[in-house]
Amino acid sequence: KGVLLLIGVLVFSGMTAEGVLYDWSVLYLQNDVGMPQARAALGYATFTASMALARFGGDKLRARFPERAVLRWSTIVAAVAMAIVLLSSTGWIAFLGLAAVGAGLAPVAPILFNASTRVPGVTRAAAIASVTTIGYSGFLVGPPIIGSIATLSSLTTALWLVVVTAGIVAYGARFVPQRPR
């Protein structure tokens, strides 16, 4: 209910984008960009390595800037980078773009899971359980939606869902409860 549901929807959006790239980035790079399979797999590695590095460094950003700002700007970076990847269809731009998308999506889950624990009237355990359940369903729902859209049109068209979901998180960041300073 209320803010907790909104946070759950934002986590769902972020994890949908993440799950889509886990499952579809190699096929996109291979079929739509024209990379050999071995090189296309490096795109997936670039995305995941960038996300891991950004998660390790995310606490420094959260300590220096308000979480809302980190969440908003990081997901704007992810949305813009993914749009550039989809518009360019160039290998090296795709690698750089996927790295930026990974870095941009990295702080979504940690910030939102933490924010859920600040919702008044809900225990920390119940808050985490609620947003985790909603959020992780994005990993399950997003990739098949992409497959369905790709079947009807193209994988490039379907991957615009990543831009949309990152944009949803960027917009919704304004409603996330702030961490006391």
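The values are calculated or read from the model by the stated rules, or taken from the named source; none is laboratory data. Predicted model only: the values in this text are computed from it and were never measured. Cβ sites come from the backbone with ideal geometry, for glycine too, and all protein chains shown count toward neighbours. Note: accessible area is taken over every heavy atom of the protein model, side chains too, but ligands, DNA and RNA are not part of it. Shrake-Rupley method; radii C 1.70, N 1.55, O 1.52, S 1.80 Å.
Using the 2.2 N^0.38 Å rule of thumb for compact globular proteins, work out how the stretch 1-68 stacks up: its C-alpha Rg over that value, please.
For the stretch 1-68, the normalised Cα radius of gyration is 1.45.
Using the basic label-point model (7 angstrom from Cα toward the beta carbon), what is the Ser89 to Thr133 distance in nanometres?
4.4 nm
So for each of 134-140, 173-179 I average, over its residues, the number of other beta carbons within 10 Å; can you give me the resulting order with the highest mean first?
Descending mean neighbour count gives 134-140, 173-179.
When only Cα pairs under 8 Å and 6 or more residues apart are kept, what is the percent relative contact order across the stretch 1-159?
In percent, rounded to a whole number, it is 39.
Of the heavy-atom accessible surface of the chain (probe 1.4 angstrom), what whole percent is carbon and sulfur?
69 percent
Along each of its three principal axes, how wide is the spread of alpha-carbon positions in the stretch 39-95, in whole angstrom units, largest first?
Computed over the stretch 39-95, the largest-to-smallest principal extents equal 36, 21, 11 Å.
Would you mind computing, in nm to one decimal, how far apart the modelled labels at Ala52 and Tyr171 are, each placed 7 Å from Cα along Cα→Cβ?
3.4 nm
For the stretch 60-149, what is the convex hull (Cα atoms) projected area averaged across all directions, in square nanometres?
For the stretch 60-149, the mean projected area of the Cα convex hull comes to 7.3 nm².
List the residues, sorted by chain then number, that are 5 or more residues from Met35 or on another chain and whose placed amide H is less than 5 Å from its amide H.
Gln30
In whole Hz, with x marking every Gly and Pro, tabulate ³J(HN,Hα) for the stretch 6-16 from phi via Karplus 6.51 cos²θ - 1.76 cosθ + 1.60, θ = phi - 60°.
Karplus values, whole Hz, x for Gly and Pro: 4, 4, x, 5, 5, 5, 4, 5, x, 6, 5.
Over the alpha-carbon set of the chain, work out the extent along each principal axis and list the three values in angstrom, largest first.
Taking the Cα atoms of the chain, the three principal extents are 52, 34, 23 Å.
How large is ³J(HN,Hα) for each residue in the stretch 30-43, as worked out from phi by the Karplus curve 6.51 cos²θ - 1.76 cosθ + 1.60 (θ = phi - 60°), to whole Hz, x for Gly and Pro?
Using θ = phi - 60°, the values come out as 6, 7, 8, 8, x, 7, x, 3, 5, 6, 4, 5, 5, x Hz.
Ranked by accessible surface with a 1.4 Å probe, highest first, in what order do Phe65, Phe12 come?
From most exposed to least exposed: Phe65, Phe12.
Given labels modelled 7 Å from the Cα in the Cβ direction, how far is it in nm from Leu5 to Ile149?
According to this spin-label approximation, the distance is 2.4 nm.
Taking the solvent-accessible surface of protein heavy atoms with a 1.4 Å probe, what is the per residue accessible area of the chain in Å²?
Averaged over the residues of the chain, the accessible area is 47 Å².
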